[in-house]
Each structure stands twice: as C-alpha cells, then as structure tokens.
Amino acid sequence: MVKERARILVVGGGYVGMYTALRLQHRMRPEIARGEVEITVVTPDPYMTYQPFLPEAAAGAISPRHVVVPLRRVLDRCRVITGEVTRIEHARRTAHLTTPATREKGGAETLTYDELVLAPGSVSRTLPVPGLVDYGIGFKTVEEAIGLRNHVIEQMDIASSTRDPAIRDAALTFVFVGGGYAGVEALAELEDMARYAARSYHNLTPEDMKWILVEASDRILPEVGEEMGRYALTQLRRRNIQVLLRTRLTSCADRVAVLSDGQRLPTRTLVWTAGVRPHPLLAATDLPRDDRGRLKCTAQLAVEGVEHAWSAGDAAAVPDVTAAGPGALTAPTAQHAVRQAKVLADNIAHALRGRPLRTYAHRYAGSVASLGLHKGVAQIRGHRLSGYPAWFLHRAYHLSRVPTVNRKVRVLAEWTLAGLFRREIVSLGSLEHPRAEFELAVRGKHPLDPRINPKGSS
C-alpha cells in the first residue's frame, strides 16, 4: 500500500519515458484506480519513435506512421502533456514547462511532483563546422528520415532534368558524416533505394551517383565488433560506396563539403550522424552531473545523492555492475534503455511500497545492423553472422522489440507487401511545405523561391 498520494512526473516520451510509464501503470494499477498514484508524462511529441526503423522508413520499406507509437493510446492510465520542460527545481519538487498554448501567450506552466523520472534522451552532437547549420540534415527523428528520402529522390529528379554537369554532379553526390549505426544504416538503405529508383530514369544509372561516408576514427560500426565492422566496410566498398576513415568534415559552406584530407566535394546532400550528446535540459536542473553532462546515477537508477529522482538511458551515467573493472558505465544504447526502464519502474513501485530496490545488471547480448535489402551484419553472444541471415535476424529482433501488437502486425504486413510489389519511388517533399501552393496563389510568389528563401526546398 502507498502511504501517501504520490505524483510521479516522467519527463520524456522516448524509450525510457514510455517504457517506464507503461510498466508503472501496470504495476501500480490498484493504486492508480484508488487515486493514490498519479502519473504525468511530459513530452515534446505525443508519440515514441522506434529509431531502429528510421533507415527502413527513409528507404520506403515501412510507413512513417508505423515507426511511431502514440503515447495516449498506450499510456491510457497516465496523463500525457505535449510540451517541453525548460527547468527543474528538484529541491522544491517543481518543473517549469511550456506547451503549445503557453507559447502563444509567451508564458509557462509549473508542475509539482513527488517522484521525478528524468529521461529527455539526447540530441545530435554537432561541431562548429562552417555551413553545417545551413545545409546539414539530421537523422534522429521520423520527420528527418522522411524528409531525407524525399530530398534524395528530389536530387535524382534535378539531375535527370538538367544538362549542367556541375548541378548534376552536386545533386548526385551524397555525403554522410558518422560511421555509427545511424550513419551506416541510413546510407546503406538509401543507397539501396536510390539504386532501385535509378531504373526508372532514362538518363541515370547507379554508377552516376557518389555515396560517401566520412568517419573520424579508424573503423565503422564499433557496436558490432571489429571483425564485423571490417566485413561491413568491405561490403559497402564493393557497392562503390566511398568510406573515408580517419577523415573529418571541416566545412560545408556554399554546398561544398571540404574534408580534412583536402578533398572538396560539391554536394546538395550532407547528412550529419556524428554522435549524440545529453539533452540541454539536464543543465537546467539542480541535479548532479558527470563531466559529460549526464546525471550521476546509482546501480538502482536513482540519481546519486538525491532522493525521489530517477533516470536512465542516454541522460544517465549508470554503473555497469557486470563489468570486470570499477568505474565502467553502461553504453547509451536502446538495448540498455529498454531494460533499464523496467528496473526503474519496478524500483519506483518498490520505493513507494517500502520494499528493497533492484540493481540493474544486464550483460551485452549482441548487436545487429542492416546494410540494405537482404544485407546485414550481426554479432550475437559471440556468434558472427553476415549477409541474408544477419539481415533476417535484424528484422526479426526489431519486430519483436517494437511496442504494441498493432505495430508488429502492421510492420510485418508492410514487409510482406514490399516483397510482393515494387518499391514506391515518389517524392512527397511538398508535404513539408503544405501552404506553398496556396501562398503562390495568394501572393503570386512561391515561398521557396531562391530570391525569397536562399536555402530553397533543399
């Protein structure tokens, strides 16, 4: 029994936020029914994005609607607020937030709580590269994934319709910065899609396109091990994808990617996937952080030295009790985030009921990565797989992990239909600017006209 009415505030609707709230509403169903526990989830978006499916969504293998999980449907016993927490005063148990309504008035709201779960996740880690803010494209949200797909097809349309060799070459040069999961899988899936789409263009061939991966370290896909990383590197290079190791992007101003090895690559597509950093919200709290800006946590997922505050995932520095040496931390991966969320929810329930807390301990099971249709690499409990078996395992694993039966069935149905019919190669870039045609009719000027907006649609 909960001794007093407990108000639990979950900040963030990603892996940790959604799975924690989901487990809490299940574990504490009697207390919620009696009004003894109230769970509030504050998130900028009313859905959770299953990020491992973003590359396939970008390639058109999965509908973007099936990559996201609507929080209000899943968290039916929680109060979901679409908004953004801007500051937390844990000493006063107060969170300051803005919502779409308060932003219109220029104000803010405050929420009081008894237990805090801080799981805002991470944001893209950027560097002061000239031109990056103007021409760089991220790959962390479903909007960015679909926008990138539309952009790639649009560049093929541009190249097919021009006789200017400079414009054509820039349109068909695709540069990806970052050799981790996001960069490699996004490049491999999009290259696969573009290679297929080139069949429908009378004056384009796959050999006309240049796909370039820029990585500052000496290897790609460190998550799958050195041997599988070398295999993935070989497979990419066999597809005429240039993988430049020990190379950095120094500038992308004026649509020219300048690399540390001296290469200058005119390009209209520069995708930035060079890592992540803790969410800026963590700096706007009175909670202890480590030298990388993450919250210091115990192995029970409580914020170190603070009562009634919890965290996990990318925002937390969690000790790895399974490591041989002291001081080791769990990796900021989805595999850890999902499992940590379950332990975190259990520990909140145990704390409210006066029971002992659990310690988070999970050994690394392995990694899988897709390199396009029927191609992949995997390392599972010391066993290495490549090619079709690894690709199949990649799909099977993530299908089992995507939340809700609804999403599992829809994704499986789409994969089945994709095997029976041809891929769609239509760009719907106009969806990103739905009022453009109406403004053209009213003003007589297109809002994306280079004379009005120098950046244009791309």
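Observations on the structure shown:
- Residues (part of a helix (DSSP H, G or I) and crowded, with 19+ Cβ neighbours inside 10 Å) located in segment 163-172: Arg168, Ala170, Ala171
- Of all residues in segment 211-223, those satisfying the criterion of being assigned to a loop (DSSP other than H, G, I, E, B) and either open to solvent by less than 40 Å² (accessible area, probe 1.4 Å) or in contact with a strand residue (DSSP E or B) (Cβ under 6 Å, 6 or more places away or on another chain) (or both) are Glu215, Ile220, Leu221.
- Given (1) part of a loop (DSSP other than H, G, I, E, B); (2) free of Cβ contacts under 8 Å to residues at least 24 places away in the same chain, number of the condition Arg358 does not satisfy: (2)
- Residue within segment 335-352 that is aliphatic (A, V, I, L, M), more than 25 Å from Ser400 (Cα to Cα) and without any contact (Cβ under 8 Å) to a residue 40 or more places away in the chain present: no
- Test: residue in segment 175-187 that is open to solvent by 30 Å² or more (accessible area, probe 1.4 Å) and at pLDDT below 95: yes
- Filter result for Thr234 (outside any loop (DSSP other than H, G, I, E, B), of a type in the set (Ser, Thr, Tyr) and loosely packed, with under 14 Cβ neighbours inside 10 Å): yes
- Matching residues, segment 206-240, being within 14 Å of Lys375 (Cβ to Cβ), more than 22 Å from the chain's Cα centre (by Cα) and aliphatic (A, V, I, L, M): Met228, Leu233, Leu236
- Segment 368-394: number of residues that are open to solvent by less than 10 Å² (accessible area, probe 1.4 Å) and in contact (Cβ under 8 Å) with a residue 60 or more places away in the chain: 6
- Residue match in segment 188-210 (condition: part of a helix (DSSP H, G or I), open to solvent by less than 40 Å² (accessible area, probe 1.4 Å), under 22 Å from Ala334 (Cα atoms) and in contact (Cβ under 8 Å) with a residue 60 or more places away in the chain): yes
- Count of segment 25-51 residues, restricted to those that are in contact with a helix residue (DSSP H, G or I) (Cβ under 7 Å, 6 or more places away or on another chain), polar (S, T, N, Q) and within 25 Å of Thr94 (Cα to Cα), is 2.
- The residues in segment 1-37 that are under 25 Å from Thr110 (Cβ atoms), surrounded by 18 or more Cβ atoms within 10 Å (Cβ to Cβ) and among the charged types (D, E, K, R) can be counted, and the count is 1.
- Number of the condition not met by Ala349 [criteria: (1) in a loop (DSSP other than H, G, I, E, B); (2) farther than 19 Å from Val85 by Cβ]: (1)
- In segment 295-334, the residues that are open to solvent by 50 Å² or more (accessible area, probe 1.4 Å) and touching a helix residue (DSSP H, G or I) at 6+ places or on another chain (Cβ under 6 Å): Gln300, Pro332
The values are calculated or read from the model by the stated rules, or taken from the named source; none is laboratory data. Remember, it's a predicted structure, so these values are computed and weren't measured experimentally. Neighbour counts run over all protein chains shown; Cβ positions are idealised from the backbone, glycine included. Protein only, heavy atoms only, side chains kept; ligands, DNA and RNA dropped before computing areas. Shrake-Rupley method; radii C 1.70, N 1.55, O 1.52, S 1.80 Å.
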